[in-house]
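**Student:** What follows is a structure written as structure tokens; I'll ask about it next.
The values are calculated or read from the model by the stated rules, or taken from the named source; none is laboratory data. Predicted, not measured: the structure shown is a model, and the values here were computed from it. Please note: Cβ atoms are built from the backbone with ideal geometry, for glycine as well, and neighbour counts cover all protein chains shown. The accessibility values were calculated without ligands, DNA or RNA, using every heavy atom of the protein model including side chains. Shrake-Rupley method; radii C 1.70, N 1.55, O 1.52, S 1.80 Å.
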Amino acid sequence: MIKVLISEGQRLTRESLVKLVEDLPSCEVVGQTATGEETVKLSKSLQPNVLIMDMLIPGFGALEVLQRIETARLKTRVIILGNVNKATMPTQMLQAGALAFLTKSVSGKELNYAI
């Protein structure tokens, strides 16, 4: 089973992502968070295989979370979800250690492939 942590500030979007990932074969949602601080804390304690995180997560922010995961030497792979408003954001996220940057218009099939 692939252990997945969902990090999304908007409750409806977070709950939808949880449901979508739970329905994927071989995936188990081990936790969900609404802030960057919670994300770092749960990433360290749960050590998920994959973290799906909103690029605009409240609190620390996605770049800070990526840096803290890197500093803690966690093996968690991070997939960033966002609406690309700035051309530099996906590049910054990937340079900071994200495995992938997907727009929020991604299909369940595409998300499954990324995981």
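**Student:** Would you check which residues across region 86-99 are under 13 Å from the mean Cα position of the chain (by Cα) and either farther than 26 Å from S16 by Cβ or assigned to a helix (DSSP H, G or I) (or both) and list them?
**Tutor:** Initial filter on region 86-99 (under 13 Å from the mean Cα position of the chain (by Cα)): 93-94, 97-99.
Across region 86-99, the qualifying residues are M93, L94.
**Student:** Checking the structure you have, find out if any residue of region 15-36 is of a type outside the set (S, T, N, Q), surrounded by 19 or more Cβ atoms within 10 Å (Cβ to Cβ) and farther than 20 Å from L111 by Cα.
**Tutor:** yes
**Student:** Let me ask something additional. Which one of these does L12 not meet: (1) at pLDDT 95 or above; (2) closer than 17 Å to K104 by Cα; (3) crowded, with 18+ Cβ neighbours inside 10 Å; (4) not charged (D, E, K, R)?
**Tutor:** (3)
**Student:** Quick one: which of L102, L74 is within 13 Å of the chain's Cα centre (by Cα) and open to solvent by 30 Å² or more (accessible area, probe 1.4 Å)?
**Tutor:** Just one listed residue meets the conditions, L102.
**Student:** Here's a follow-up. Kindly list the number of the only condition in (1) under 18 Å from R68 (Cβ atoms); (2) crowded, with 16+ Cβ neighbours inside 10 Å that fails for V4.
**Tutor:** (1)
**Student:** Taking region 37-56 only, how many residues are out of contact with any Leu (no Cβ under 8 Å at 6 or more places or on another chain), modelled with pLDDT of 95 or more and either charged (D, E, K, R) or surrounded by 14 or more Cβ atoms within 10 Å (Cβ to Cβ) (or both)? Before you say what the answer is, go through the steps one by one.
**Tutor:** So the first thing to find is which residues in region 37-56 are out of contact with any Leu (no Cβ under 8 Å at 6 or more places or on another chain), and the list is 37-38, 40-41, 45, 49, 56.
Adding the requirement that they be modelled with pLDDT of 95 or more leaves 37-38, 40-41, 45, 49.
Okay, now just the ones that are also either charged (D, E, K, R) or surrounded by 14 or more Cβ atoms within 10 Å (Cβ to Cβ) (or both), so 37-38, 40-41, 49.
Adding up the residues that qualify gives 5.
**Student:** Additional query: For region 32-70: of the residues being touching a Ser or Thr at 6+ places or on another chain (Cβ under 6 Å) and not in a helix (DSSP H, G or I), which is nearest to F101 (Cα to Cα)?
**Tutor:** The residue in question is M53.
**Student:** Pairs under 9 Å by beta carbon, first residue more than 15 Å from V18 (Cβ to Cβ) in region 38-55, partner among the small types (G, A, S) and in a helix (DSSP H, G or I), six or more apart or different chains?
**Tutor:** M55/A62
Rundown of residues vs (1) closer than 16 Å to A114 by Cβ; (2) outside any helix (DSSP H, G or I); (3) of a type outside the set (K, R), yes/no style:
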{"position": "R14", "(1), (2), (3)": "no, no, no"}
{"position": "L17", "(1), (2), (3)": "yes, no, yes"}
{"position": "L24", "(1), (2), (3)": "yes, yes, yes"}
{"position": "V30", "(1), (2), (3)": "no, yes, yes"}
{"position": "L81", "(1), (2), (3)": "yes, yes, yes"}
